[in-house]
Amino acid sequence: MLDGSCNYLYMIDPRSYHITRVGSFSSFLGPFSVDGASAYAVANVNNVNGMQVANLVTGEIVTALLPSGYPGGLFHGIGWTPDQSEVWQSTGASPNIAIWDMSNPMAPRFKMWMPMRSPSGSHWLTFSIAGDYGYVAPQRGSTDPTEIFNVFTHQSVGFIASTEEMLEVDFTNGVISAVGDQYGIGRKGIGN
């Protein structure tokens, strides 16, 4: 990481194998998430007390800072709600999720703190394919359960066993009809 190569996001075209480098971000990248059109990426970046957003077409990068109280570091989980109206961001040991309004991706606005019932904070997060539920996993090694939130009301609605390795598989008449992922990618414009 000391050579600065981790301050960039690398995109590979699967047809031509052409590599495009986006950045430089302000420090090395942690987890990131991409919208459904692969036009924008949101990233946790070391020592950024918030997140950075990259326009993957122009290469422009903006920084969105949290309003108060959280020391810089490398936050972990980050993801677009499937409708791409919000980005949810884990804030480590804090029992709160930062929620960003993404109506203008290059000018994200802090929307709210969403409190968790788990006192250990969060590590990873993802969403249902339909976009109605968000799943927030606790810190690694915690015995706290993964908390389920209603995406529209931001209310906690239940728990499942502690895990960040989640994969939604939907069936219609006994046949797989949809498969999600664990990365909180935006789904707007990709058929879901």
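Report, in debye and to the nearest 20, how large the dipole of the chain comes out about its Cα centre when Lys and Arg carry +1 and Asp and Glu carry -1 on their Cβ.
Details: 8 positive and 15 negative charges, 61 e Å.
It works out to roughly 300 debye.
Distance between Cα centroids, the stretch 90-126 to the stretch 29-45: provide it in whole Å.
One Cα centre to the other: 15 Å.
Which of the listed residues, 32, 152, 136, is farthest toward the dipole's positive end in the stretch 5-179, when Lys, Arg count +1 and Asp, Glu count -1 at the beta-carbon?
Value computed over the given set: 32.
Within the stretch 59-149, list the trypsin sites (Lys or Arg not before Pro) lying in a DSSP loop whose Cβ has at most 16 other Cβ atoms in a 10 Å radius.
Numbers: sites: 109, 111, 117, 140; in loops: 117, 140.
In loop regions of the stretch 59-149 (DSSP not H, G, I, E or B), the sparsely surrounded trypsin sites (Lys or Arg not before Pro) are 117, 140.
Once Rh is set to the Kirkwood radius over Cα pairs, what Stokes-Einstein translational diffusion coefficient, in µm²/s, holds for the chain at a temperature of 20 °C and a viscosity of 1.002 mPa s? Each step should come with its number before you reach the end.
Numbers: Rh = 17.0 Å.
Answer from the Stokes-Einstein relation: 126 µm²/s.
List the residues whose amide H sits under 5 Å from the amide H of residue 28, counting only those 5 or more places along or on another chain, with H placed 1.01 Å from N in the peptide plane.
46
Enumerate the amide H contacts of residue 127 below 5 Å, restricted to partners 5 or more residues apart or on another chain; note that Pro and chain-start residues carry no placed amide H.
Answer set, sorted by chain and number: 135, 184.
Just want to confirm a number: the relative contact order over the chain, from Cα pairs under 8 angstrom separated by 6+ residues, in percent. Can you show the working numbers first?
Values: 492 pairs, mean separation 30.2, N = 192.
In percent, rounded to a whole number, it is 16.
Coordinate-derived values only; no laboratory data. Just so you know, these numbers come straight off a predicted model, no measurement behind them. All Cβ positions, glycine included, derive from the backbone under ideal geometry; neighbour counts span all protein chains shown.
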